[in-house]
1. Explain nothing, just compute: Karplus ³J(HN,Hα) = 6.51 cos²θ - 1.76 cosθ + 1.60, θ = phi - 60°, for every residue of the stretch 33-38 in order, whole Hz, x for Gly and Pro.
2. Starting from the Kirkwood Rh over alpha-carbon pairs, what translational D in µm² s⁻¹ does the stretch 1-127 have by Stokes-Einstein at 25 °C and 0.890 mPa s?
3. Using the Karplus curve 6.51 cos²θ - 1.76 cosθ + 1.60 with θ = phi - 60°, work out ³J(HN,Hα) for each residue of the stretch 52-68 in order, rounded to whole Hz, and write x for Gly and Pro.
4. What FRET efficiency would be calculated for the residue pair GLU176, ALA79, taking the C-beta separation as r and a Förster radius of 30 Å, to the nearest 0.05?
5. Per residue of the stretch 17-25, what does 6.51 cos²θ - 1.76 cosθ + 1.60 with θ = phi - 60° give for ³J(HN,Hα)? Whole Hz please, x for Gly and Pro, Karplus curve as stated.
6. So how much accessible area does ARG143 have, in Å² to the nearest 10, using a 1.4 Å probe?
7. Based on the Cβ-Cβ distance from HIS150 to LEU37, what FRET efficiency comes out when R0 is 35 Å, to the nearest 0.05?
8. Across the stretch 61-151, how large is the tail of the calculated P(r) beyond 16 Å, expressed as a percent of all Cα pairs?
Amino acid sequence: MRARKANNPPMPATLDQLIDFLQRDNWRFRLDSDSDLLVCRGEGANGRWRIEIRLSEDGCCLHLRVPHVATIGDSPYAARAVAALLELHNRLKLGRFGLDPVDGEVECEIVVPLEDAPLTERQFRRCLGTLLLLVDQQAPRIRDILATGHDPEEDPATHHDHFLAQLAGLLGITPESLARHLAEGDRTSSRGAE
């Protein structure tokens, strides 16, 4: 009979370790000693972003967060913005956008559980860099949707083709057959208008 392996003990990170990582990369930051929250600012092409870094679960979970990416508020296009956030949530490998239902604040966060391996400087850099890049790329998109209802990432031709493919599938025909049928209908209706 084999002896059972003991569970690996947690490998917590420490605030001093996070401070060391930030200092090595020459990040300017401040420590809120009441909450053990590290706050720094990241510079992107589309703005400066407040980045909050903290540990939870006695150092076994790392949180990197950018608050106030956008505010949904009373925009008539709030549903489109929320749909874009859900699409991002589904598509992203690292990072997630969240929405505070009370005040409409959109935030972006990366959470890293540190169960059985120590946090490396490389992991920390990747998380911090990914968070900054993600927010800097997506904040203008979310804000454009809220202001105009138009999603700059949407390609109307792609959505049209996807819709026709779904419709053809429901009708049990090929998309090409549907396109031919629709084109013939256009020619027939234009002759009837003469």
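The values are calculated or read from the model by the stated rules, or taken from the named source; none is laboratory data. These figures come from a predicted structure and were not determined experimentally. With ideal geometry, Cβ positions are generated from the backbone for all residues, glycine too; neighbour counts draw on all protein chains shown. For the accessible areas, the whole protein counts, side chains as well, though only heavy atoms, and no ligand, DNA or RNA atoms are used. Shrake-Rupley method; radii C 1.70, N 1.55, O 1.52, S 1.80 Å.
1. Working through the residues one at a time gives 5, 5, 10, 6, 9, 8 Hz.
2. Diffusion coefficient, whole number: 147 µm²/s.
3. Computed from phi, the couplings for the stretch 52-68 are 10, 10, 8, 10, 9, 6, 6, x, 8, 8, 9, 10, 10, 9, 10, x, 6 Hz.
4. According to the calculation, E is roughly 0.35.
5. Working through the residues one at a time gives 5, 5, 4, 4, 4, 5, 5, 4, 9 Hz.
6. 100 Å²
7. 0.45
8. Across the stretch 61-151, Cα pairs with separations above 16 Å total 54 percent.
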